[in-house]
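The values are calculated or read from the model by the stated rules, or taken from the named source; none is laboratory data. All figures in this text were calculated on a predicted structure; none of them were measured in a lab. In this analysis, Cβ positions are derived from the backbone assuming ideal geometry, glycine residues included, and neighbour counts consider all displayed protein chains.
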Amino acid sequence: MPTGVTPAGMGALIAGSTTDRNIQSPMEAAKAFEALLLKELLGSMSKTVESSGLFGDGFEAGLYGEMFISAIAEESAGSALGLGEMIQQALGVERRTSAQIRSLNAVRRGMSTYQATRTGDTAPPANPILHQLANEWLSGDAALRWGKSGELTTADVGATLETPGIGGTAVFNVLDAAGYKNHPKCNVFAFEMLRRAGYSVPVRPRRHGWGYPGADTVTRWSEDGKVNTWAHVQTHRDAGALDAEARQGIPFLLASSAPDSAAGHMAVADRIHAMRRGPDGRIEVVEYSGWEAGSKQASYKRRVWRLASVPGEGRGGLDRIEVLRPHQVYGRENLIPVGTAQPGASIHDRRVEMSMSAQGSVSNTDTN
């Protein structure tokens with residue numbers, strides 16, 4: 001570091017470099033600045049040594065290497081270089097005793113619990129693109145329409161697909177499905193969010209028109225290796241590796257199935273906090289933060305999913321959990337038809353019962 005840099009001067013530098021990062025406190029600013037220095041240092045050092053081949057070759061090697069360095073820098077910030085205290089003094093942070101820190105943390109935990117109860121959010125979303133999309137898409141009463149009793153409109157699901165069908169024209173729409181009123185909508189929500197964010201999503205033929213597949217179907221496809229046209233299965237990877245990519249802005253689709261007549265669930269995750277596997281390697285518990293359509297509304301929250309055999313809190317009763325990374329679309333159509341069957345003609349009639357909907361019958365698991 002150049003000599004002659006005073007704490008006050010460093011404080012001004014940090015203040016100017018963190019204004020666009022939504023830094024909440026001087027302590028966070030200090031850590032962010034130290035992480036930036038570490039990233040530059042480690043990046044320069046990595047260029048002086050021969051590649052080990054850990055991340056393969058070509059473009060992917062550079063991408064994963066940079067993500068690896070970023071993760072190390074973020075985890076080491078605050079302790080590695082010892083700059084934190086000087087930076088915090090430059091920003092006007094007073095030193096606190098251990099007792100003061102414990103008391104402050106207790107207050108913060110209480111506030112976080114209140115915020116979670118009040119809004120359903122346990123932390124700000126990590127993916128800025130999805131965060132902005134959700135703020136616009138779910139404004140006003142739109143979030144409530146994604147609850148079980150809500151009725152979706154064409155403004156909520158804007159996917160457009162029109163093909164020849166049996167008996168007429170088959171269209172992707174929510175009118176044939178009577179807006180999914182009084183039915184769960186987690187699969188429709190998850191796929192529509194990813195579509196709006198520029199990712200490939202599957203559609204399948206229905207008795208009337210086209211529709212998104214349900215959570216149980218997607219989980220089964222993932223297990224059978226039938227999602228390659230629109231996503232890559234990531235279930236085999238550990239939570240740390242997935243979360244490192246999520247913090248770089250890569251969303252993950254979580255899909256689960258349930259036994260017997262129960263329905264699975266789906267969500268779009270922008271953080272993967274923890275994961276536990278059974279002896280057979282399957283995911284037994286996953287803790288994540290992300291967006292989903294619940295029984296009352298669509299929201300961002302921190303949640304736990306677990307298999308029926310695992311006791312505990314969160315969404316239980318599941319028999320399989322899968323993690324998928326959807327393909328990003330670059331100027332191409334992102335509705336990917338799956339299957340060879342031809343859909344039936346759309347009926348565009350809101351009075352039609354759900355048993356004749358574009359997404360399947362009431363008893364069909366693809367309506368969850």
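The single residue among 156, 121 that is part of a loop (DSSP other than H, G, I, E, B), surrounded by 14 or more Cβ atoms within 10 Å (Cβ to Cβ) and at pLDDT below 80 turns out to be 121.
Matching residues to (1) in contact (Cβ under 8 Å) with a residue 60 or more places away in the chain; (2) part of a loop (DSSP other than H, G, I, E, B); (3) crowded, with 23+ Cβ neighbours inside 10 Å:
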position: 151; (1), (2), (3): no, yes, no
position: 170; (1), (2), (3): yes, no, yes
position: 183; (1), (2), (3): yes, yes, no
position: 223; (1), (2), (3): yes, no, no
position: 229; (1), (2), (3): yes, yes, no
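When the residues of the range 251-299 are filtered to those that are among the aliphatic types (A, V, I, L, M) and surrounded by fewer than 18 Cβ atoms within 10 Å (Cβ to Cβ), the one that is farthest from residue 312 (Cα to Cα) is 262. Would you call residue 317 at pLDDT below 95 and closer than 23 Å to residue 130 by Cα? No.
In the range 166-173 there is at least one residue matching the filter, namely being aromatic (Phe, Trp, Tyr) and more than 24 Å from the chain's Cα centre (by Cα). Output yes when any residue across the range 244-265 is closer than 22 Å to residue 192 by Cα, without any contact (Cβ under 8 Å) to a residue 60 or more places away in the chain and assigned by TED's automatic domain parsing to the domain that holds residue 202, and no when none is. Within the range 244-265, not a single residue is closer than 22 Å to residue 192 by Cα, without any contact (Cβ under 8 Å) to a residue 60 or more places away in the chain and assigned by TED's automatic domain parsing to the domain that holds residue 202.
In the range 185-206, of all residues being basic (Lys, Arg) and buried (at least 21 other Cβ atoms within 10 Å of the Cβ), the one that is nearest to residue 345 (Cα to Cα) corresponds to 206. If the condition is being over 19 Å from residue 215 (Cβ atoms) and among the aromatic types (Phe, Trp, Tyr), then the range 301-338 contributes only 330. In this structure, residue 217 does not qualify as more than 17 Å from the chain's Cα centre (by Cα), surrounded by fewer than 18 Cβ atoms within 10 Å (Cβ to Cβ), among the polar types (S, T, N, Q) and under 20 Å from residue 337 (Cα atoms). Could you go through the range 313-332 and let me know if any residue there is surrounded by 22 or more Cβ atoms within 10 Å (Cβ to Cβ), over 30 Å from residue 172 (Cα atoms) and within 19 Å of the chain's Cα centre (by Cα). No, because not a single residue in the range 313-332 is surrounded by 22 or more Cβ atoms within 10 Å (Cβ to Cβ), over 30 Å from residue 172 (Cα atoms) and within 19 Å of the chain's Cα centre (by Cα). Pairing each residue of the range 23-38 that is under 12 Å from residue 74 (Cα atoms) with any residue that is modelled with pLDDT of 65 or more and surrounded by 15 or more Cβ atoms within 10 Å (Cβ to Cβ), provided the two are 6+ apart or on different chains, yields C-beta distances under 7 Å for 31/77; 34/77; 35/73; 35/74; 35/77; 38/73; 38/76; 38/77. Could you tell me which residue of the range 215-243 is modelled with the highest pLDDT, considering only residues that are closer than 17 Å to residue 187 by Cβ and among the acidic types (Asp, Glu)? This residue is 216. Being buried (at least 20 other Cβ atoms within 10 Å of the Cβ) and under 24 Å from the mean Cα position of the chain (by Cα) holds for only one residue in 134, 177, and it is 134.
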